[in-house]
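The values are calculated or read from the model by the stated rules, or taken from the named source; none is laboratory data. All values reported here derive from a predicted model rather than from experimental measurement. Cβ sites come from the backbone with ideal geometry, for glycine too, and all protein chains shown count toward neighbours. Protein only, heavy atoms only, side chains kept; ligands, DNA and RNA dropped before computing areas. Shrake-Rupley method; radii C 1.70, N 1.55, O 1.52, S 1.80 Å.
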Amino acid sequence: MKTITLLGSTGSIGTQTLDIVANNPDKFRIVGLAAGNNVELLAAQIRQFRPSIAAICAEEKLPALKEAIADLDYQPILLAGDAGIVEVARYGDAETVVTGIVGCAGLLPTIAAIEAGKDIALANKETLIAGGPVVLPLIEKYGIKLLPADSEHSAIFQCLQGVPKGGLRKILLTASGGAFRDWPTEKLAEVTVADALKHPNWSMGRKITVDSATLMNKGLEVIEAHFLFGLDYKDIEIVIHPQSIIHSLIELQDTSVLAQLGWPDMRLPLLYALSWPERIYTDWERLDLVKAGNLTFREPDHKKYPCMQLAYAAGKAGGSMPAVLNAANEQAVALFLSEKISYLDIARCIEWVCDRFSSENRSNPNLDDILVADQWARQEVLTATKNLESHPKIISFR
Ligand SMILES: NC(=O)c1ccc[n+]([C@@H]2O[C@H](COP(=O)([O-])OP(=O)(O)OC[C@H]3O[C@@H](n4cnc5c(N)ncnc54)[C@H](OP(=O)(O)O)[C@@H]3O)[C@@H](O)[C@H]2O)c1
């Protein structure tokens, strides 16, 4: 029986993780749950999974949460606010913490979980992208395992089982191409929020769905792969694969290429992050190559998807630049989702902010440096929105 704490339990990753737990009650038990705002769903999850502790980030919702479970025959510890989420992350005998919080809000809870000696099933990629320089040494120091739950990184991790140290030569990250893969570049000026939220293959939270449309999600995954697997950026490539059947590939020193395949279903990488190194039987639909039909590939179009280049540039710059890129993206996507800026402005805002940070960036940032850079970048996006006319082109910063 593996004990699990789940951060972001009410989201897409969270509910799919709970689906796995519900279907394997002899293998997994929930110790802690944490959510942002959704009291009704969190209360229902507490009823069903009976955690020892739960927290809601929105402090004003704590009384409603208490009331919603007042009739239960047991009462979990109930907390609220950022501090409550951190407490859940480090609490009790949970062996693994699944990080399904969206955005850099996941960073401090993830650090707390690592410092409490818990293994991390990492869905919340923003944590590693922003916090890589501090998170990686902590993993080493506390001797915990970082198990990728992002589908591409799980694919790479699965392919790497049995590959000796030094055997990996190149990573090929597959990308569906997002909502606009079949749109001509000229039409992107007309994109609406509803258009950007129509992902062709995956059903996910709103922020990551927009990131998939801009391909910033793939850019963020390049940085995530760099931190997880230690390859240089020149050895991490993106290839468009519209069917999302091959979840990613690795090339080995002898040019052999290994891939992991499956229907697009996030439960599979989540289950592997929880069961590794074991394989658990499931009754999920099995891959049928004939039904899948064609598996096709094309080069990514950097003109159409400038966010990829921005992410590579930020990754190569290192230091706090990935944190700045990530925070600028979070803020710009939030502005786009509330219809304050256009789709094309997302990349422009990010570039504006990263450009301005270039001279401030320093290598080996500590946690404070990263948190300060994150806050600065969010603020700077608001300035960027008023100056985009004077900054109309995507020219990658150095
Ligand atoms: N969805 C996928 O298929 C997928 C695939 C690969 C990677 N990921 C990554 O997994 C993470 C989650 O994505 P998602 O699609 O599951 O997002 P989502 O559906 O929007 O869910 C986000 C979750 O985080 C919670 N949350 C937000 N802010 C919080 C805070 N400050 N403190 C505590 N909880 C907070 C939300 O709570 P409320 O809903 O209660 O507000 C919700 O439970 C992201 O980093 C994403 O990049 C997702």
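If only one of Leu128, Leu62 is assigned to a helix (DSSP H, G or I) and open to solvent by less than 10 Å² (accessible area, probe 1.4 Å), which one is it? Lay out the reasoning, then the answer.
Numbers: Leu62 fails: open to solvent by less than 10 Å² (accessible area, probe 1.4 Å).
Of Leu128, Leu62, the one residue that is assigned to a helix (DSSP H, G or I) and open to solvent by less than 10 Å² (accessible area, probe 1.4 Å) is Leu128.
Working only within the range 7-28, note down all residues that are closer than 22 Å to Thr110 by Cβ and within 13 Å of the ligand (Cβ to nearest atom).
From the range 7-28, those closer than 22 Å to Thr110 by Cβ are 7-18, 20-21, 28; that's our starting set.
Answer for the range 7-28, where residues must be closer than 22 Å to Thr110 by Cβ and within 13 Å of the ligand (Cβ to nearest atom): Leu7, Gly8, Ser9, Thr10, Gly11, Ser12, Ile13, Gly14, Thr15, Gln16, Thr17, Leu18.
How many residues are over 24 Å from Asp369 (Cα atoms) and surrounded by fewer than 19 Cβ atoms within 10 Å (Cβ to Cβ) if we restrict to the range 81-115?
Adding up the residues that qualify gives 3.
I'd like the full set of residues that are open to solvent by 10 Å² or more (accessible area, probe 1.4 Å), hydrophobic (A, V, I, L, M, F, W, C) and near the ligand (Cβ under 8 Å from one of its atoms), limited to the range 198-235.
Listed by number, the residues that qualify are Trp202, Met204, Ile208.
Quick check on Val102: is it under 30 Å from Thr174 (Cα atoms), near the ligand (Cβ under 10 Å from one of its atoms) and not basic (Lys, Arg)? Give the steps one after another, and end with the answer.
Working: under 30 Å from Thr174 (Cα atoms): yes; near the ligand (Cβ under 10 Å from one of its atoms): yes; not basic (Lys, Arg): yes.
Against the criterion (under 30 Å from Thr174 (Cα atoms), near the ligand (Cβ under 10 Å from one of its atoms) and not basic (Lys, Arg)), Val102 qualifies.
Can you run down the residue pairs with Cβ atoms below 7 Å, 6 or more apart or on separate chains, where the first is in the range 270-298 and closer than 23 Å to Leu172 by Cβ and the partner is aromatic (Phe, Trp, Tyr) and exposed (fewer than 10 other Cβ atoms within 10 Å of the Cβ)?
Once the first residue is closer than 23 Å to Leu172 by Cβ and sits in the range 270-298, no partner that is aromatic (Phe, Trp, Tyr) and exposed (fewer than 10 other Cβ atoms within 10 Å of the Cβ) comes close enough.
Go through the residues of the range 236-243 one by one and say whether even a single one is in contact with an Asp or Glu (Cβ under 7 Å, 6 or more places away or on another chain) and among the polar types (S, T, N, Q).
No, every residue in the range 236-243 fails to be in contact with an Asp or Glu (Cβ under 7 Å, 6 or more places away or on another chain) and among the polar types (S, T, N, Q).
Specify the residue that is farthest from the ligand (Cβ to nearest atom); the eligible residues are those in the range 29-58 that are within 18 Å of Gly106 (Cβ to Cβ) and open to solvent by 10 Å² or more (accessible area, probe 1.4 Å).
Checking each candidate, the answer is Ala58.
Could you please give the count of residues in the range 65-87 that are assigned to a helix (DSSP H, G or I), under 32 Å from the mean Cα position of the chain (by Cα) and of a type outside the set (Gly, Ala, Ser)?
Of all residues in the range 65-87, those assigned to a helix (DSSP H, G or I) come to 65-68, 81-87.
Imposing the further condition that a residue be under 32 Å from the mean Cα position of the chain (by Cα) reduces the set to 65-66, 68, 81-87.
Now restrict to residues that are of a type outside the set (Gly, Ala, Ser): 65-66, 82, 85-87.
Qualifying residue count, the range 65-87: 6.
What tally of residues in the range 143-188 results from selecting those that are of a type in the set (Gly, Ala, Ser) and in a helix (DSSP H, G or I)? First the steps, then the outcome.
Narrowing the range 143-188 to residues of a type in the set (Gly, Ala, Ser): 143, 149, 151, 154-155, 162, 166-167, 175-179.
Adding the requirement that they be in a helix (DSSP H, G or I) leaves 151, 154-155.
Counting residues in the range 143-188 that are of a type in the set (Gly, Ala, Ser) and in a helix (DSSP H, G or I) gives 3.
Exactly one condition in (1) in a helix (DSSP H, G or I); (2) open to solvent by 10 Å² or more (accessible area, probe 1.4 Å); (3) away from the ligand (no atom under 13 Å from the Cβ); (4) of a type in the set (A, V, I, L, M, F, W, C) is not met by Val135; state its number.
Of (1) in a helix (DSSP H, G or I); (2) open to solvent by 10 Å² or more (accessible area, probe 1.4 Å); (3) away from the ligand (no atom under 13 Å from the Cβ); (4) of a type in the set (A, V, I, L, M, F, W, C), only one is false for Val135: (2).
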